[in-house]
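Structure record follows, encoded as structure tokens.
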Amino acid sequence: MSQVPPLRELEALTDVPFEYISREQFQQDVIELNFSEVPEETRQAEERLFKRLGLLPDDVDMDQLLAELYGGQVAAYYRPDTKRFYIIDTGKPFGPSDKIIVSHEYTHALQDQHFDLEGTRVKDNTQFDAQMGQLGAIEGDATLTMQAWSQQYLTPEEALQVLLESLGQLDDPTLTNMPWVLRRQIEYPYAEGLSFVTALHQQGGYDAVNATLSTAIPASTEQVLHPEKYVANEAPVQIDAPDVSSTLNEGNDGWGLTYQQTIGELLMQVFAAGDETPANPIPGLASDWPHAETVAGWGGDRLNMYENGDQWIIDWHTSWDTEADAQEFAARANELTGRFDGPATVGQSQQDVVIHIASDENLLNALPR
């Protein structure tokens, strides 16, 4: 804890308490913390959406998967609400991997003291892409500091031990069996987040990183995946996708807007990959994603899902940097319609592409064109 502030070039403004907790206590805490921020009905609607898009197997319980992953993988974490960090007590001696993790989590404490992580957090849960853009910068910074600490303070023997432990984690079935739509969200903040912050640091040192965390938070995952777009201030396009529940209810009462989201380039990479998987098993290179080029021209999107009992409609509006980008995405989306859990149409008009998916053919005509 005393070694991190000089490396990160941030002075500790106050002491940061820490405590050891059991794995069981952590599992309970993380479930309560993460699940309390997103209502259960929203999480369940998101699970239904991912299944209808062909991104999750029908028999998957998303909450259970995430609880298993966080419960088994996390070794320490910082909580802005309590201003302290927690170390999972494994019953083993405090080793080099534990030291690295503490350097990472203590960086979060420094970030919070200087940049108010809780106060600046994107809290609108319908803005997933913006939330992940911000998370990429926060975790990327802590990962860069963790790397710097490791290079300066780990002995060669400790570094080898950490490397061997890390290679073992790559084969952890909890992670390797995780559907990519979930695994991508978990790995990206540390992998591409690190690449993003490294690019900032190389250009302007920690002054540039501090400015990003304090006044210029990335507005999208696109800006993290492509740092040059962040530097150019290429902001997402605001999409007009109004609630059409009243129109749907003119023919059949009971329709409601049950899920709304901005998906963003990060998860659209997973969408565009279809059944294909990255060639590189180690995360961190967006270009490794199959068909990543078909979503690299992302400009913005907004998805609405309407439900009425067992009936449902997905209304997904996307905007692209150029008409050629829109054509490329529309072509790939048409190739993927067989993965959807219902009939679909893909329509393009200049730089915009709209995807409609429904539980049956007749409902496809219910949405305004």
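Read the figures in this text as sums done on the coordinates, not as results from a lab. Quick caveat, the model's predicted, so the values are computed rather than measured. So basically every Cβ, Gly included, is an ideal-geometry build from the backbone, and we count neighbours across all protein chains shown.
A few notes on this one:
- When the Cα atoms of segment 231-369 are aligned to their principal axes, the ranges along those axes come out at 48, 32, 23 Å in descending order.
- Gain on full stretching of the segment that runs from residue 147 to residue 29 - 0.36 nm per residue minus C-alpha separation: 39.7 nm
- Dipole in debye (nearest 20) - segment 4-231, about Cα centre, beta carbon charges: Lys, Arg +1; Asp, Glu -1: 340
- Top positive-direction residue, dipole computed over the chain with Cβ charges, set 331, 320, 266: 266
- Amide H contacts of residue 216 (H built 1.01 Å from N, under 5 Å, at least 5 apart or other chain): none
- Placed amide H near residue 84: partners under 5 Å, 5+ positions off or other chain: 79
- Calculated FRET value between residue 163 and residue 61, using beta carbons and R₀ = 45 Å, to 0.05: 0.85
- Of the GluC sites (Glu not before Pro) found in segment 169-257, those in coil by DSSP whose Cβ has at most 12 other Cβ atoms within 10 Å are 250.
- Of the chymotrypsin sites (Phe, Trp or Tyr not before Pro) found in segment 69-132, the ones in coil according to DSSP and having at most 16 other Cβ atoms within 10 Å of their Cβ are 94.
- Value of relative contact order over the chain, rounded to a whole percent, pairs C-alpha under 8 Å and six or more apart: 15
- Residue-wise HN-Hα couplings along segment 299-314, as the Karplus relation 6.51 cos²θ - 1.76 cosθ + 1.60 with θ = phi - 60° gives them from phi, are x, x, 7, 8, 10, 10, 10, 10, 9, 8, x, 7, 8, 7, 9, 10 Hz; Gly and Pro carry x.
- Dipole in debye (nearest 20) - segment 236-369, about Cα centre, beta carbon charges: Lys, Arg +1; Asp, Glu -1: 60
- Backbone phi angles across segment 155-164, fed through the Karplus curve with coefficients 6.51, -1.76 and 1.60 (θ = phi - 60°), yield HN-Hα couplings of 6, x, 5, 5, 4, 5, 4, 5, 4, 5 Hz in residue order; Gly and Pro are listed as x.
- Label point distance in nm, residue 177-residue 19, each placed 7 Å from Cα along Cα→Cβ: 3.4
- If both residues of a DSSP beta bridge must be in segment 10-140, then about 50% of such bridges are antiparallel.
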